[in-house]
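Asker: Sharing a structure here in structure tokens format.
The values are calculated or read from the model by the stated rules, or taken from the named source; none is laboratory data. Predicted model, so just to flag it, every value in this text is computed and none were measured. Note: ideal-geometry Cβ built from the backbone for every residue, glycine included; neighbour counts use all protein chains shown. Heavy atoms of the whole protein, side chains included, go into the accessibility calculation; ligands, DNA and RNA do not. Shrake-Rupley method; radii C 1.70, N 1.55, O 1.52, S 1.80 Å.
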Amino acid sequence: MHTLRAGTLDPAAPVAEYIASSGGLFRDCSVHDFDAIRWVTGNEIAEVYALGANRGAPFFRDAG
């Protein structure tokens with residue numbers, strides 16, 4: 001296997017109070033993508049590339 005893409009999303013934005021203490025969607029959910037990829041492929045993940053932007057509510061930017 002050379003490349004596998006995975007995407008994480010929620011159907012709606014979480015509340016601001018959750019974002020301020022959660023570490024964000026990437027940190028909270030990507031670990032599940034990694035686990036699923038390892039289970040499906042039987043391989044360890046060798047490299048990860050991520051790209052993101054704040055295109056939502058200002059509280060995402062405010063939380064860093």
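Asker: If you take the residues of the stretch 33-43 that are of a type in the set (A, V, I, L, M, F, W, C) and exposed (fewer than 12 other Cβ atoms within 10 Å of the Cβ), which of them is nearest to G64 (Cα to Cα)?
Answerer: My answer is A36.
Asker: Just the residues that are of a type in the set (A, V, I, L, M, F, W, C) and without any contact (Cβ under 8 Å) to a residue 12 or more places away in the chain, please, taken from the stretch 14-30.
Answerer: Once the filter is applied, which keeps residues that are of a type in the set (A, V, I, L, M, F, W, C) and without any contact (Cβ under 8 Å) to a residue 12 or more places away in the chain, the stretch 14-30 yields only V15.
Here's the yes/no breakdown for (1) open to solvent by 100 Å² or more (accessible area, probe 1.4 Å); (2) modelled with pLDDT of 85 or more; (3) in contact with a Pro (Cβ under 8 Å, 6 or more places away or on another chain); (4) polar (S, T, N, Q):
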site: M1; (1), (2), (3), (4): yes, no, no, no
site: A20; (1), (2), (3), (4): no, no, no, no
site: R27; (1), (2), (3), (4): yes, no, no, no
site: V31; (1), (2), (3), (4): no, no, no, no
site: I45; (1), (2), (3), (4): no, yes, no, no
site: A50; (1), (2), (3), (4): no, no, no, no
site: R61; (1), (2), (3), (4): yes, no, no, no
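Asker: Give the residues of the stretch 37-64 that are among the hydroxyl-bearing types (S, T, Y) and in a loop (DSSP other than H, G, I, E, B), sorted by residue number.
Answerer: Within the stretch 37-64, Y49 is the sole residue that qualifies.
Asker: Okay, next question. Looking at the structure I just gave you, is G7 assigned to a loop (DSSP other than H, G, I, E, B) and at positive phi? So that I can check it myself, show each step before the final result.
Answerer: Details: assigned to a loop (DSSP other than H, G, I, E, B): yes; at positive phi: no.
The answer is no for G7.
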